[in-house]
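**Q** Following this message is one structure expressed as structure tokens.
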Amino acid sequence: MLHRMQSGGTSAAPSLYDGPVLHIDQPSASEIAERYLRSLIFSGQLAPGDKLPSERELAAHFGIARITLRAALRSLEQYGFLVIKIGSKGGAWINDAATIRSRWEDWMTANKDRIREMLEFRRVVEVQIAALAAERRTARDLKLLAAVEVPGTVSRPTLVHWHFGFHDALAKAAHNRFLEEAMISVRGELFVPTDWDLTRHRIHDVEGLHGRILDAVREKDAVRAAE
């Protein structure tokens, strides 16, 4: 509770905060760059074997110093997501899929509580996005959602890109940039095995789910969209 010092019957500015001290961790520039690159890997936009742009290009893209970018790349290399080679023909490449999954499973095992919290956060965000999209969608939003079609070529990058593409369009239809940023943030932090295993035997189930959400959004049924 904020206490105000009384002086001559008037209230002064708050002087004390009677409560716990809150420690808010703000991500550094290198952490933000790392999360963004990780989200591209998990969405399939950066596939195993792909080479990243040069340090100069990446640093300019993020608006950060090259030394700051290197910290992000070194962290991704340490976790096993990147392979970095030094020299005139050097650069940074996305590691192979098996290594990425293996290293992430190690991380998941060591961070079970964090994974549980992120899964809970993701569910809350996705439900709220679907409900708001149903309430606020425009005709243009519906066109963008309907345009996200199942890819003809079945591979992890194409299927995950399709799956995330639908949810990206849904987030834009919610017209809340904080929720949209939250979804992108948790995607960069969380690798969900069901996203990895989005293969042909599940594609019809996921396509059906997308269809039901789209129908609810089209009919502006927020309750059904959030189910």
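The values are calculated or read from the model by the stated rules, or taken from the named source; none is laboratory data. Keep in mind that what you see is a predicted model, and the values were worked out from it rather than measured. Cβ coordinates were reconstructed from backbone atoms using ideal geometry, including for glycine residues, and neighbour counts include every protein chain displayed.
**Q** Looking at Ala130, Ala92, Ala97, can you tell me which residue is in contact (Cβ under 8 Å) with a residue 12 or more places away in the chain, surrounded by 17 or more Cβ atoms within 10 Å (Cβ to Cβ) and touching a Lys or Arg at 6+ places or on another chain (Cβ under 8 Å)? Spell out how you get there, then give the answer.
**A** Working: Ala130 fails: touching a Lys or Arg at 6+ places or on another chain (Cβ under 8 Å); Ala97 fails: surrounded by 17 or more Cβ atoms within 10 Å (Cβ to Cβ).
Sole residue among the options that is in contact (Cβ under 8 Å) with a residue 12 or more places away in the chain, surrounded by 17 or more Cβ atoms within 10 Å (Cβ to Cβ) and touching a Lys or Arg at 6+ places or on another chain (Cβ under 8 Å): Ala92.
**Q** Starting from residues that are outside any helix (DSSP H, G or I), of a type in the set (Val, Ile, Thr) and outside the structural domain of Leu40 (by TED's automatic domain parsing), keep the ones in the stretch 89-148 and report whichever is nearest to the chain's Cα centre (by Cα).
**A** Here is the first cut: in the stretch 89-148, the ones outside any helix (DSSP H, G or I) are 89-96, 111, 137-138, 147-148.
Subsequent filtering for residues that are of a type in the set (Val, Ile, Thr) retains 94, 138, 148.
Next cut, outside the structural domain of Leu40 (by TED's automatic domain parsing) only: 138, 148.
Working: Thr138: 24, Val148: 19 Å.
Step by step, filter the stretch 89-148, then rank; the result is Val148.
**Q** Considering Ser39, Ser15, which residue is modelled with pLDDT under 90, out of contact with any Asp or Glu (no Cβ under 8 Å at 6 or more places or on another chain) and surrounded by 12 or more Cβ atoms within 10 Å (Cβ to Cβ)?
**A** Details: Ser15 fails: surrounded by 12 or more Cβ atoms within 10 Å (Cβ to Cβ).
Exactly one of Ser39, Ser15 is modelled with pLDDT under 90, out of contact with any Asp or Glu (no Cβ under 8 Å at 6 or more places or on another chain) and surrounded by 12 or more Cβ atoms within 10 Å (Cβ to Cβ), namely Ser39.
**Q** Pick from Ile86, Ile64, Ile115: which is at pLDDT 85 or above and surrounded by 12 or more Cβ atoms within 10 Å (Cβ to Cβ)? Write out each step before concluding.
**A** Values: Ile86 fails: surrounded by 12 or more Cβ atoms within 10 Å (Cβ to Cβ); Ile115 fails: at pLDDT 85 or above.
Of Ile86, Ile64, Ile115, the one residue that is at pLDDT 85 or above and surrounded by 12 or more Cβ atoms within 10 Å (Cβ to Cβ) is Ile64.
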